[in-house]
1. So how many residues does the stretch 410-435 have that are without any contact (Cβ under 8 Å) to a residue 60 or more places away in the chain, open to solvent by 10 Å² or more (accessible area, probe 1.4 Å) and either on the phi > 0 side of the Ramachandran plot or part of a strand (DSSP E or B) (or both)?
2. Based on what the data block shows, is Gly63 within 20 Å of Arg457 (Cα to Cα), in contact with a Gly (Cβ under 7 Å, 6 or more places away or on another chain), open to solvent by less than 30 Å² (accessible area, probe 1.4 Å) and at pLDDT below 95?
3. Under 8 Å by Cβ, and 6 or more places apart or on different chains, what pairs join a residue from the stretch 112-141 that is over 15 Å from Asp180 (Cβ atoms) and in contact (Cβ under 8 Å) with a residue 40 or more places away in the chain with one that is outside any loop (DSSP other than H, G, I, E, B) and of a type in the set (Lys, Arg)?
4. At least 1 residues that are at pLDDT 95 or above, within 16 Å of ligand 1 (Cβ to nearest atom) and acidic (Asp, Glu) in each: list the strands (runs of 3 or more DSSP E) lying fully within the stretch 108-165 that qualify.
5. So Asn202 passes all but one of these: (1) over 17 Å from Thr27 (Cα atoms); (2) of a type in the set (S, T, N, Q); (3) free of Cβ contacts under 8 Å to residues at least 60 places away in the same chain. Which condition number does it fail?
6. If you go through the stretch 81-103 one residue at a time, how many are open to solvent by less than 70 Å² (accessible area, probe 1.4 Å), under 22 Å from the mean Cα position of the chain (by Cα) and not acidic (Asp, Glu)?
7. For the stretch 32-60, give me each residue that is open to solvent by 10 Å² or more (accessible area, probe 1.4 Å), over 15 Å from the mean Cα position of the chain (by Cα) and β-branched (Val, Ile, Thr).
8. Just to be sure I understand, how many residues within the stretch 274-285 are farther than 13 Å from Leu204 by Cα and open to solvent by less than 10 Å² (accessible area, probe 1.4 Å)?
Amino acid sequence: MKRFVLLIAVLATGATLSADWPMWGGTPSRNMVSPLKGLPTTWDIKTGKNVKWVAELGSQSYGNPTVAEGVVLIGTNNEATKDPKQAGDRGVVMAFREATGELMWQATFEKLSSGRANDWPFQGIASSPLVMEGTAYFVSNRGQVMAVDVDGFHDKTNDGLVKDEKLTGLNDPDVIWIFDMMEEVGSFPHNLSNSSPVAYQNLLYVSTSNGQDESHVNIPSPRAPATIALDRKTGKLVWEDNSVEDRILHGQWSTPSVGEIGGVMQVVHAQGDGWVRGYEALTGKKLWEFDTNPKASVWPKTRNEVISTPVIYENVVYISNGQDPEHGEGVGHAYAIDATKRGDITESGRLWHFDKIRRSISTAAIKDGLIYLADFSGFLHCLDLKTGKPYWTHDMFAAIWGSPMIVDDKVYLGDEDGDVTVLQHGKELKVVSEQNMGSSVYATVVPANGTLFVMNRNQLYALVEGATLKRPSQEH
Ligand SMILES: [Ca+2]
Ligand SMILES: [Ca+2]
């Protein structure tokens, strides 16, 4: 495993020339914002305009790309079978070379024998890997926290604690360690384990996705933790918390964030009872909790779970609630929470409450005193960060699964119709362009190193200003 040094070149203007996107949200605070400049604001997948390369994914891709150390990692299913010896329905993480889109290696995982209760058919891997110091961390469809070598076996070395991999070809994963959450902490994931890991110092934080069984009444494992912290080098459990107990409304699909709040490094996690909780990162000591549902609300009509990721920005946590997309549209709530408070801060920590949002599974993007929030009914809201007062709302006319992404002075957002809309960042609504990607865009647009990575259901596009992709059909 090579040790890369992340080089960030800074121009005199302060603009970042190049920067990786090594995790969901880019940084542990998960704010969907990038300082990169000069990325495409228009492109055309039919003519190849501003397309550098395209990679074929499985038939359903719910992971979000991670770009680090020259590699693009992405979760998908196995319907674009790259290895006939590993055929059938599996969860897959594919690693592509960032420069060319060539497949470098893939990690495949057979479906759990317990079936759709824990591992929904053809959903693949929905975890977005975290890359740190040559290791990629993600959660498989089998509820395993995986640490694998970013270089795989291309470095001619079998790295890590796991040395007995059955497959050790160039296309196979070099496993460092495995932590099986179903075996080790008794997690019973509802439909799919999906957490995107985040780290602070030597600790890795993951949601267990513990939830109900198929009856949607029973919680088979009420004593399993919602949040765990593992040692990043060994995969050993360091702390766990189960404040939710048997109050899980459905599943637990929100993923944790990390940031310094009021001088304390915190892990913030939205859990299965619709509450958001903050923990002291190194010890797991619970510091505060906040209920994202009005007390009179009733599951599933008006009470929501939380699927979006909390964003930490200047001591405040921003979060929207919502429901599983299969539940359709409904009322939602978004909040700004003063996470320097302690205890039950549902009242004392509520800086603002935005109740014009619909059910949302999207994560916030914040810049220059503005916050962008999207909802599953297809609306993008631009609010004042301090007051929560709306400046404008844009109707995408299709369900939004991904999150708005601010790149320089533009906001990018995809929808279920496959459109990616580019808007001007600012207090006035201005649509810059709209591009169709050919099939649903469930992921978030990811900026890294001068390139925009945009996924549809089954393809990953690398977009670079001035590039032109020559289609095979255009070559004679
Ligand atoms: Ca290796
Ligand atoms: Ca190994």
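1. 5
2. Judged against the criteria, Gly63 is a match.
3. Gly124/Arg90
4. 144-149
5. All conditions pass for Asn202, except number (1).
6. The number of residues fulfilling the criteria is 9.
7. Passing the criteria: Thr41, Thr42, Ile45, Thr47, Val54.
8. 5
The values are calculated or read from the model by the stated rules, or taken from the named source; none is laboratory data. Small disclaimer: the values here were computed from a predicted structure and weren't measured. Heads up, the Cβs are rebuilt from the backbone with ideal geometry, glycines too, and the neighbour counts pull from every protein chain shown. What goes into the accessible areas is simple: the full protein's heavy atoms, side chains included, and nothing from ligands, DNA or RNA. Shrake-Rupley method; radii C 1.70, N 1.55, O 1.52, S 1.80 Å.
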